[in-house]
Amino acid sequence: MTHPASDGFDGSDGPEGSEGLLAEQLLRLTRRVHRIQKRHLEQRELGITPAQSRLLRTLAHFGSPPRMADLATRLEVVPRAVTTLVDALEASGRVRRVPDPANRRVIRIEVTEEGHRALRELRAARRSAAEEILAPLTEEQRLVLGGLLDTLVDGAAVPRC
């Protein structure tokens, strides 16, 4: 398989070129993953943007309804961005703003039943996208890839020889 030598990284100039090629391959894979996930999401006709999807998935991971500031921190975005996403998800009936029982001035965001249905559809879309992306790999290759991705995600340094 040939790889385009975009950005001048063809792997021919030692480890630096090799790392450049890997970086390019990771970027290309990331774009492909996003493209495929977007297509699978659109096929389900949920009318949810990728950013709304991310907020809804993040919201579902909280043990109790979070404040907008908590969502902004977890998503690593400015609070105004969360407000815009929550407004859209609230308009579609997927989330609702509720007063905090301990301090009624504080507003929390909770997932509605419609939001939980959308989350189930989102999970199914992500699973089918993953199946498509991983289809060319054998079970053994998938296990190796999983281990490599865990290492990259965790950021564990591997000693170099």
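Derivation of every value follows stated rules applied to the coordinates shown; laboratory data play no part. All figures in this text were calculated on a predicted structure; none of them were measured in a lab. Cβ coordinates were reconstructed from backbone atoms using ideal geometry, including for glycine residues, and neighbour counts include every protein chain displayed.
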Dividing the helical contributions, -39500 (n - 2.57) per DSSP H run of n ≥ 4, by the residues of the chain yields a 222 nm value, nearest 500 deg cm²/dmol, of -20500 deg cm²/dmol
From the Cα centre of the range 32-62 to that of the range 63-99, the distance in Å is 16 Å
With R₀ set to 22 angstrom, the calculated FRET efficiency between the beta-carbons of R120 and A23, to the nearest 0.05, is 0.05
Descending packing, highest mean Cβ count within 10 Å first, for 133-142, 90-99 is 90-99, 133-142
Between R54 and E113, the two model label points (7 Å from Cα along the beta-carbon direction) sit apart by a distance in nm of 3.1 nm
Applying the gyration tensor rule to the Cα atoms of the range 83-161 (axes a ≥ b ≥ c; rounded if a/c under 1.5, else prolate if a/b exceeds b/c, else oblate), the class is oblate
To the nearest 10 degrees, the tilt of helix 79-91 (Cα long axis) against the first principal axis of the alpha carbons of the chain is 70 degrees
Subtracting the Cα-Cα distance of T30 and L143 from 0.36 nm times their residue separation yields 38.8 nm
If every Lys and Arg gets +1 and every Asp and Glu gets -1 at its Cβ, then about the Cα centre the range 69-161 yields a dipole, in debye to the nearest 20, of 420 debye
